[in-house]
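First up is the structure itself, then whatever we jot down about it.
The values are calculated or read from the model by the stated rules, or taken from the named source; none is laboratory data. What you are looking at is a predicted structure, and each value in this text was computed from that prediction instead of being measured. Don't worry about glycine lacking a Cβ; one is built from the backbone with ideal geometry, like all the others, and counts go over all protein chains shown. Side chains are part of the model used for accessible areas, which takes the heavy atoms of the whole protein and leaves out ligands, DNA and RNA. Shrake-Rupley method; radii C 1.70, N 1.55, O 1.52, S 1.80 Å.
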Amino acid sequence: MKVLMVCLGNICRSPLAEGILQHKANQHGLQWQVDSAGTGNWHVGQPPHRLSQKTALHYGVNIAHQKCRQFSASDMMQFDVIFFMERENLEDAKIIAGSQWDASKAKLLLNELHPESNKAVPDPYYGTEADYHHVFEMISKACDAFIAKHI
Ligand code: 4NP
């Protein structure tokens, strides 16, 4: 299975989500490919935010190799499931994807944990290190719930 994680900047939340889900999938022996992208292009080519890297490493997940890229219409074809951190990211991706948009692949990540609640993973970009830990834990629990459906 190929899974794409999408947020706004692809430097805070979706790099964490990519690293966390790939790490858990590997631990369960699942042959999954996980990637991430942002709907915005401000940070293309950059590594994840310093505090995303530090927080991930604290929990044993190394995301230092990741590079920011922008979501593109072709991602709709390349991936089986596309998780969005919040509703706005999904709406922006829908515009980018245009005629390639496939609603059956697009899901809000926290709905894995709280079905149909449409809750957002809060953006920690202007926050503190504690906010990154909070985001890590939310994403980690949602990824556990997603994986539980596939093992
Ligand atoms: P992310 O956070 O969507 O979790 O990567 C953000 C990173 C950068 C910006 C906004 C959100 N920005 O405006 O540059």
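What percent do you get for the relative contact order of the stretch 1-129 when only Cα pairs under 8 Å and 6+ apart count?
Once normalised by length, the contact order is 27 percent.
Count neighbours as other Cβ atoms within 10 Å of each site's Cβ, and list the chymotrypsin sites (Phe, Trp or Tyr not before Pro) in the stretch 57-88 that are DSSP loop with at most 15 such neighbours.
Here the chymotrypsin sites (Phe, Trp or Tyr not before Pro) that fit, given the DSSP loop and packing criteria, are Y59.
Based solely on its DSSP helices, what 222 nm [θ] is calculated for the chain when runs of n ≥ 4 H residues each add -39,500 (n - 2.57) and the sum is averaged over all residues, nearest 500 deg cm²/dmol?
Mean residue ellipticity at 222 nm (helix-derived): -12000 deg cm²/dmol.
What ranking of Y125, Y132 comes out by heavy-atom accessible area, probe 1.4 Å, highest first?
Reading off the accessible areas and sorting them downward yields Y125, Y132.
Hey, what's the stretch 1-140 come to in accessible area per residue, 1.4 Å probe, Å²?
That works out to 48 Å² for each residue.
How big is D for the stretch 34-151, in µm² s⁻¹ as a whole number, if Stokes-Einstein is applied with the Kirkwood radius of its Cα pairs at 37 °C and 0.692 mPa s?
216
Taking a probe of 1.4 angstrom, what is the accessible area of R87 in Å², to the nearest 10?
110
Could you work out the relative contact order of the stretch 79-143, using alpha carbon pairs under 8 angstrom and six or more residues apart, expressed as a whole percent?
Taking the mean separation of contacting Cα pairs over the length of the stretch 79-143, I get 33 percent.
Hey, quick one: spin label on I151, modelled 7 Å out along Cα-Cβ, who in the stretch 24-62 has an amide N within reach, i.e. under 14 Å?
Those under the cut-off are 24-32.
With every protein chain present, what accessible area does E91 have (1.4 Å probe, heavy atoms only), rounded to the nearest 10 Å²?
70
Which aspartates and glutamates have a Cα less than 20 Å from the Cα of K54, not counting those fewer than 8 places away in the same chain?
The qualifying aspartates and glutamates are E18, D35, D123, E129, D131, E137.
Given a 1.4 angstrom probe, I'd like the percentage of the accessible area of the stretch 17-108 that is carbon and sulfur, rounded to a whole number.
Ligands and nucleic acids excluded, carbon and sulfur reach 48 percent.
Accessible surface of K67 in the full protein assembly, 1.4 angstrom probe, to the nearest 10 Å²?
Surface open to solvent at K67 totals about 150 Å².
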